[in-house]
Amino acid sequence: MNQHTIETLEFTKVQKEIMKYSLSQEGKQKLKAMKPIYQLNAIQSALAETTEAKTILKRNTSVPVHSLNGMEQLMGRLNKGMILRPDQFNKCIEFLDSVKKMKQFMKDKESIAPRVSSYIYSTSDFSHLHEEINRCIRNGKVDDRASKAMSKIRKNILILEAEMKERIEKVLKSKKYAKFIQEKIVSMRDGHYVIPVRKEYRKNINGVVYDTSASGSTVFIEPEDVSRCHQELQLLKIDEQLEEEKICSMLTNLIEESEPELNIAIEMMIHYDVLFAKAKYSQEINGLAVSMNDVQIINLKNARHPLLGADAVPLNVKIGESYDALVITGPNTGGKTVTIKTVGLLTIMAQCGLHVPVGEESELSIFDHILVDIGDGQNIEQSLSTFSSRIKNIIDILSKTTDKTLVLIDELGSGTDPGEGMGLAVAILEELYEKGALIFATTHYSEIKKFASKHKGFENASMEFDRKTLHPKYKLLIGKGGDSQAFHIAIGLGMHPKLIEKAHLITYKEKKFYESNASGTREWRNQEKQLASKKRFKKIKKEQKSKSEELPKFHIGDNVFIPYLKQYGIVYKPVNEVGDVVVMIKGEKKVLNHKRIKLHIKAEELYPENYDFDIIFETKENRKKRNQLTRKHVEGLSIEYDRDEV
């Protein structure tokens, strides 16, 4: 089963759903690596185990499956000269407890699950190992009772620590040292019992200084008598550490001796983890152990796509007896692709020992290959067109097809010239049939429907369509090719039947009478009228809006503010037809859009009536020249204007 098929039929999504129910990482990895089985007996056995596990879950929702947390690291340290830590022995104890519980749990289920419960007999008795670890390790530490030597060492440590406390308390209470001590408290510095002594009296108390206060006025001294005890204590601590290593080494050796048996117990726990994850998924999808055969017969009753859940329309189809190739026609989004995907996905699931959502008496077959061509398959990297890519895939399918192959092809022959595409589709179907494959193919070509109806071993099917609501029902009808739903949809929406009859003649080279749909026509015309009314209304509103949005009026001499320049100016030319204003700013004329300026003071408030604005806008030289020219013509005299002034 190639990866393209696995991904196209969305089996990887099913795997992810099942993995949610697994407790161990090892179990999740096993489910992720799950592959189809090709032996009938092995598939039947796997399905039977899933059924038994599901029966157990009906009685007991809680199964003592261990998560194997920490066991991989523990097992990885064995027989490598490494000594296990006390916390790792705790992990081992937890696992051995789960194994013990699982054995007892499964012994009680032998009557209802003989296959599943039998795995417990492959595991050994770990009583001795369990008792030894439990005796030596408590709460992640080596226990005092682990050995006589450890008990003696720990006892001496307690005695010595008590003696140290007694001696230091004696120093604190002594009147001899009372005036030297800062406070009557005992504290710890680097594992030493110390007392606070005034700096100036540090030589009055025999001992070792281990710390000084932040101000430097106080030193922390371990008295001499206490120091001798501390040295003895350190020697005992070393003895304690050596004894701990000795005990951990002994326990590690015990576990190493049981390594093969522990690996078997771990495999048993992983198998149960995987098995009960499958059973829980079966409960989620209302799955059943479908009957399997190896003679290429598929008989599905009320089958559903597992990823669609309650939204899936039940599928009923039987193939492999009277015919081996099913050609499915119907409108787009009518359910053709989902139908062939459902058949392929359920087959893969069953061959993996998974329950599938089907009705009683359903049957699936074992296939060595499930080959699919679904979707556009466009290969951007190789710059192949949709059609070229699909043909390349079809060539691969033809080369691999045998009499134990299930072939699923969606929209066969599409993506090219209809005539040539139809011819290719028929030739491909015939070749696949001759090779003995079981075939599900979807198409829009009416010629392929005719081909299927005339050739032995082929059968037509279609997706049911509701002509009243103009919606697909997603139900497969065997024995009947799909009608031209495009024509019925057009009639239903009110298209004139004469146009439909003409289209039918062009398509099928035959005449057919179509009745008009009066209600549909009326509805279509009402929709057109409503649409036209909406367009007229929008046009009127737009015209009204354009009229209301008149350009603002600025007058020559108005004082205006330009926000983006943060400057003031005087209007030299008012708004033109495109909304531009010429403004003089600091002796320079600039063209600005009216939206970028704001009226500050009107000209009538600044200047008297009939004011000569040339005084503001013209240079003194230009005004003098204009006065001369108004009186007479002066040869060679001219006045230069900016472009904005013209």
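The values are calculated or read from the model by the stated rules, or taken from the named source; none is laboratory data. Please read all numbers here as calculations on a predicted model, not as lab measurements. Note that each Cβ is placed from the backbone with ideal geometry, even for glycine, and that neighbours are counted across all protein chains shown.
Laid out as a table, the results:
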quantity	calculated
Top-ranked residue in the range 589-641 [being at pLDDT 75 or above and hydroxyl-bearing (S, T, Y); ranked as nearest to Y568 (Cα to Cα)]	Y607
Per-region count, the range 107-116, residues free of Cβ contacts under 8 Å to residues at least 24 places away in the same chain and either surrounded by 12 or more Cβ atoms within 10 Å (Cβ to Cβ) or of a type in the set (V, I, T) (or both)	2
Matching residues, the range 293-322, being under 30 Å from K456 (Cβ atoms), touching a helix residue (DSSP H, G or I) at 6+ places or on another chain (Cβ under 9 Å) and either surrounded by fewer than 17 Cβ atoms within 10 Å (Cβ to Cβ) or in the same structural domain as L40 (by TED's automatic domain parsing) (or both)	N293, D294
Residue, surrounded by the most Cβ atoms within 10 Å (Cβ to Cβ), within the range 569-590, restricted to residues that are under 23 Å from I615 (Cα atoms) and within 60 Å of the chain's Cα centre (by Cα)	V581
Subset of the range 270-282 that is under 12 Å from H355 (Cα atoms) and within 23 Å of the chain's Cα centre (by Cα) - its residue that is surrounded by the fewest Cβ atoms within 10 Å (Cβ to Cβ)	K280
Some residue of the range 179-192 being on the phi < 0 side of the Ramachandran plot, surrounded by 13 or more Cβ atoms within 10 Å (Cβ to Cβ) and either in a helix (DSSP H, G or I) or out of contact with any strand residue (DSSP E or B) (no Cβ under 7 Å at 6 or more places or on another chain) (or both)	no
Condition check for L31: outside the structural domain of H355 (by TED's automatic domain parsing), modelled with pLDDT of 95 or more and out of contact with any helix residue (DSSP H, G or I) (no Cβ under 6 Å at 6 or more places or on another chain)	no
Residue list for the range 112-124, restricted to those being part of a helix (DSSP H, G or I), farther than 14 Å from N60 by Cβ and among the hydroxyl-bearing types (S, T, Y)	S118, Y119, Y121, S122
Criterion (in a loop (DSSP other than H, G, I, E, B), more than 21 Å from M19 (Cα to Cα) and assigned by TED's automatic domain parsing to the domain that holds L262) met by exactly one of L74, L78, L68	L78
Qualifying positions in the range 560-583 - out of contact with any Lys or Arg (no Cβ under 8 Å at 6 or more places or on another chain), assigned to a strand (DSSP E or B) and not charged (D, E, K, R)	Y568, I570, V571
So L326, is it closer than 18 Å to A350 by Cβ and among the aliphatic types (A, V, I, L, M)	no
Residue within the range 231-249 that is surrounded by 17 or more Cβ atoms within 10 Å (Cβ to Cβ) and among the hydroxyl-bearing types (S, T, Y) present	no
Subset tally (residues that are within 13 Å of V358 (Cα to Cα) and not in a strand (DSSP E or B)) for the range 309-333	5
Out of T50, T55, sole residue that is among the hydroxyl-bearing types (S, T, Y) and under 31 Å from the mean Cα position of the chain (by Cα)	T50
Output for the range 433-452, where each listed residue is more than 19 Å from G421 (Cα to Cα), outside any loop (DSSP other than H, G, I, E, B) and either touching a residue at least 24 places away in the same chain (Cβ under 8 Å) or outside the structural domain of L412 (by TED's automatic domain parsing) (or both)	L438
Residue within the range 453-468 that is at pLDDT below 60, assigned by TED's automatic domain parsing to the domain that holds Q296 and not in a loop (DSSP other than H, G, I, E, B) present	yes
Filtered residue count, the range 216-249, keeping only those that are in contact (Cβ under 8 Å) with a residue 24 or more places away in the chain and among the aliphatic types (A, V, I, L, M)	5
Verdict on K109 being assigned to a helix (DSSP H, G or I), of a type in the set (D, E, K, R) and over 17 Å from G140 (Cβ atoms)	no
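The rows are residues; the columns are (1) of a type in the set (D, E, K, R); (2) farther than 16 Å from T347 by Cβ; (3) assigned to a helix (DSSP H, G or I).
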| position | (1), (2), (3) |
| --- | --- |
| S22 | no, yes, no |
| Q29 | no, yes, yes |
| M34 | no, no, no |
| A46 | no, no, yes |
| E52 | yes, yes, yes |
| I56 | no, yes, yes |
